[in-house]
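See below for the structure under consideration.
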Amino acid sequence: MPVHLTPNAIAAISAGDLNSKPLVQVIDIKLLGTQERYRFIVSDAVSCQHAMVATQLNDRIKTSQVKKGSIIQLTEYISSYFQNRKIIVVLNMETIILDSEIIGDPKPYVESGSTAQKALPKNNFENSVRDSNNYMISQESVRNVQSLRPTSHSGTALNRGPNLRPTFHSENSVHNVPNFRPTVQPPYQPPPQYKNHGSIVKNEAPARIIPINALNPYQGRWAIKARVTAKGDPRRYNNARGDGKVFSFDLLDSEGGEIRVTCFNTVLDRFYDTIEVGRVYLISKGSLKPAQKNFNHLKNDWEITLDASSTVELCPDEDGSIPEQKFSFRHISEIENVDSNSIVDIIGIVISVNPSVPIMRKNGMETQRRIVNLRDWSGKSVELTLWGDVCNREGQKLEDMLASGLFPVLAVKAGKINDFSGKSVGTIHSSQLFINPDIPDSHSLREWFDRGGKDTASVSISKDIVPGGSKNEIRKTVSQIKDEGLGRSDKPDWVTVKATISFIKTDSFCYTACPLMIGDRQCNKKVSRSGNRGWQCDRCDQEFEECDYRYLLQAQIQDNTGLTWATAFQESGEEILGCSAKDLYLLKEQDDARFGDIVRSSIFNQFLFKLKIKEETYGDEQKVKITVVKADKVNYSSESKYMLDMILKFSR
């Protein structure tokens with residue numbers, strides 16, 4: 001059956017049409033480099049133009065639902081400028097006919113003044129024809145000959161100007177062929193109010209609301225209506241362009257599209273207090289940039305950066321079509337095969353919550369950490385590590401619920417997988433916790449647990465759980481450190497060893513450190529004497545009267561399998577000796593006997609040592625360095641439970 005493409009479709013779209021939903025033909029498809037973006041050339045049988053395809057339509061091309069020659073209907077589209085030329089941006093489309101021969105002889109569309117381009121397919125005439133007023137009509141001006149009517153030539157019939165249909169002279173055609181008057185498709189004319197009226201008034205009409213998944217950088221004016229599902233804290237940064245501050249928030253719309261929005265500096269000041277999690281906003285006038293996948297886990301190739309011209313308007317009426325949150329849950333058993341540092345959503349029953357403990361970060365700042373264990377119907381359990389404020393907020397609530405005999409359902413949005421101590425999940429700045437959420441997955445899990453799931457066995461994918469302990473631990477003996485070659489891989493090994501301190505070096509147990517603050521943390525670099533009374537820090541390039549003292553403790557630890565040397569720095573040194581490095585240094589200077597008593601009282605004490613083991617190069621020699629990260633005194637009740645568990649494990 002004949003296919004009729006929409007006449008003048010290309011010209012109409014270029015002139016601003018958004019609603020005609022034309023039928024066009026794809027006459028070429030090209031993948032642009034490695035950007036995963038496709039370019040079409042679309043035709044209305046007379047004219048053709050380049051078109052960029054929105055990324056959410058890529059699968060249709062990859063699965064051959066659209067191919068060269070396909071007849072498609074453009075259901076959502078805009079015309080935009082890209083690299084100083086006008087293109088069509090295809091936001092949505094439907095395939096009408098998958099395979100078809102190329103229709104007509106389309107020519108590239110070119111706008112000229114106030115009229116649309118006039119290139120039409122070739123006809124069978126060899127020469128151009130002039131009317132009686134010498135108006136030229138080229139052989140490419142004729143299309144869709146619908147009737148062949150013999151006519152007599154009349155000079156006066158053409159005196160009304162070039163818009164009349166031409167009458168062809170017999171002398172310009174093949175001999176003995178009667179003259180005829182073909183029907184010519186009139187060129188597209190813009191609405192008269194936009195022609196020759198001087199400057200055009202700026203369009204102040206509100207931008208059209210479009211789905212998040214239809215956003216792309218080629219759109220000029222757009223607006224989205226979406227719910228804020230997550231909001232980050234302001235962060236400061238320093239780069240080659242200077243200092244600044246930034247925060248971001250995540251949006252979800254009624255069609256399930258998600259995107260991250262970022263605000264810098266003055267834009268942060270303008271919108272930070274306006275944005276609230278759970279509220280719906282109308283947002284427009286931002287720029288789209290490729291998403292930074294190292295920091296952005298959302299399934300969108302783009303992210304929005306708001307600027308001074310952007311608008312954020314609160315929608316006071318609740319929009320029930322937009323969900324509160326979107327989850328993509330993974331079963332706990334699947335996490336074993338997920339790559340480290342991947343971002344996942346998980347849901348499970350909370351079976352244990354450990355107390356919150358302070359942790360010193362590498363930047364010298366203290367934070368909180370809490371360990372929660374989750375299980376689901378896959379027969380596996382996993383350790384969830386809570387960091388920062390959530391330890392004392394959601395973490396404390398979970399602990400109280402467990403203490404009262406409840407086993408709550410916990411859903412985690414955007415948890416990060418790590419492979420330390422088996423596979424575990426940790427919270428990051430964009431993570432969200434939902435206790436007993438009102439969603440189908442939560443109800444199903446609760447029903448399974450209450451109907452007998454709590455009595456079924458589960459296996460942890462996080463290694464060697466110590467009952468009642470503060471952390472899932474990989475237990476080793478001293479001899480296993482050497483026998484198993486720990487620390488000789490690319491990454492350090494982290495293990496826990498129950499051992500006794502048998503010797504402490506006292507000649508150089510600490511070093512003089514810089515007390516100055518760099519940002520929010522102390523410098524701590526080694527300092528040297530400057531003159532008789534002052535100290536000099538080469539890193540800070542400053543002098544000061546008093547320095548700090550920090551532990552650099554060399555200790556020998558041993559168990560029933562062997563002994564080894566380990567280095568303890570500030571915090572772990574204080575846990576071993578029970579006092580600060582500065583106090584112990586002053587005691588050595590003033591009261592050597594008291595100093596000796598403190599050191600001797602630490603000998604032969606038993607600890608659970610958390611060790612970091614890594615091979616390092618000293619000169620030309622490689623040595624395995626063992627660092628004490630934490631030294632906990634043995635809790636004999638917990639240790640007894642651990643030993644009983646190990647006996648049961650090996651007796652099975």
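A short reminder: the numbers here are calculations on the coordinates, not readings from a lab. This structure is a prediction, so every number in the text was calculated from the model and none was measured. Heads up, the Cβs are rebuilt from the backbone with ideal geometry, glycines too, and the neighbour counts pull from every protein chain shown.
Using a Cα-Cα cut-off of under 12 Å, which aspartates and glutamates could be cross-linked to Lys397, ignoring same-chain neighbours fewer than 8 residues away?
Qualifying aspartates and glutamates at Cα under 12 Å: none.
So, with +1 on the Cβ of K and R and -1 on the Cβ of D and E, and no other charges, what is the size of the charge dipole of the range 38-84 about its Cα centre, to the nearest 20 debye?
The calculated dipole for the range 38-84 is roughly 220 debye.
Run the numbers for Ser328 and Leu586: contour at 0.36 nm per residue of separation, minus the present Cα-Cα distance, in nm.
87.1 nm
Determine the distance separating the Cα centre of the range 203-279 from the Cα centre of the range 611-646; give it in Å without decimals.
First find each Cα centre; the distance between them is then 46 Å.
Check cross-link reach from Lys623 to the aspartates and glutamates: straight Cα distance under 18 Å, and skip same-chain residues fewer than eight apart.
The qualifying aspartates and glutamates are Asp483, Glu484, Asp490, Asp493, Glu615.
Using only the Cα atoms of the range 338-421, build the gyration tensor, take square roots of its eigenvalues as a ≥ b ≥ c, and label the shape rounded, prolate or oblate: rounded if a/c is under 1.5, else prolate if a/b is larger than b/c, else oblate.
Oblate, since a/c reaches 1.5 and b/c is not below a/b.
Placing unit charges on C-beta atoms (Lys and Arg positive, Asp and Glu negative, everything else neutral), compute the dipole magnitude of the range 323-437 about its Cα centre in debye, rounded to 20.
140
Starting from the Cα coordinates of the range 460-615, work out the convex hull volume and express it per residue in Å³.
163
Tell me, what is the FRET efficiency for Ser309 and Val246 to the nearest 0.05, using R0 = 25 angstrom and their Cβ-Cβ distance as r?
Calculated transfer efficiency: 0.85.
Test of the criteria: in the range 496-561, which GluC sites (Glu not before Pro) are in a DSSP loop and have at most 11 other Cβ atoms within 10 angstrom of their Cβ?
Glu545, Glu546
With the calculation restricted to Cα positions, what are the radius of gyration and Dmax of the range 39-108 in angstrom?
For the range 39-108, the Cα-based Rg and Dmax read 12.0, 33 Å.
What is the Å³ per residue value for the convex hull set by the Cα atoms of the range 562-642?
Normalising the Cα hull of the range 562-642 by residue number yields 138 Å³.
Using label points projected 7 Å from each Cα along Cα→Cβ, tell me how many nm separate Ser444 and Lys526, to one decimal.
According to this spin-label approximation, the distance is 6.0 nm.
In debye to the nearest 20, how big a dipole does the range 478-526 give about its Cα centre with +1 on each Lys and Arg Cβ and -1 on each Asp and Glu Cβ?
160
So, by mean Cβ neighbours within 10 angstrom, what's the order for 477-483, 601-607 with the highest one leading?
477-483, 601-607
Determine how many Å³ per residue the convex hull of the Cα atoms of the range 246-348 encloses.
Hull volume over Cα atoms, normalised by residue count, gives 125 Å³.
Take the alpha carbon gyration tensor of the range 279-336, find the square roots of its eigenvalues, order them as a ≥ b ≥ c, and report rounded if a/c is under 1.5; if not, report prolate when a/b exceeds b/c, else oblate.
Here the range 279-336 falls in the oblate category.
Report the local net charge at Asp438: Lys and Arg +1, Asp and Glu -1, summed over other residues whose C-beta lies under 13 Å from its C-beta.
Taking every Cβ under 13 Å from that of Asp438, the sum is -1.
Suppose the Debye formula is applied to equal point scatterers at every Cα of the range 495-555; what is log10 I(q)/I(0) at q = 0.21 Å⁻¹?
-0.82
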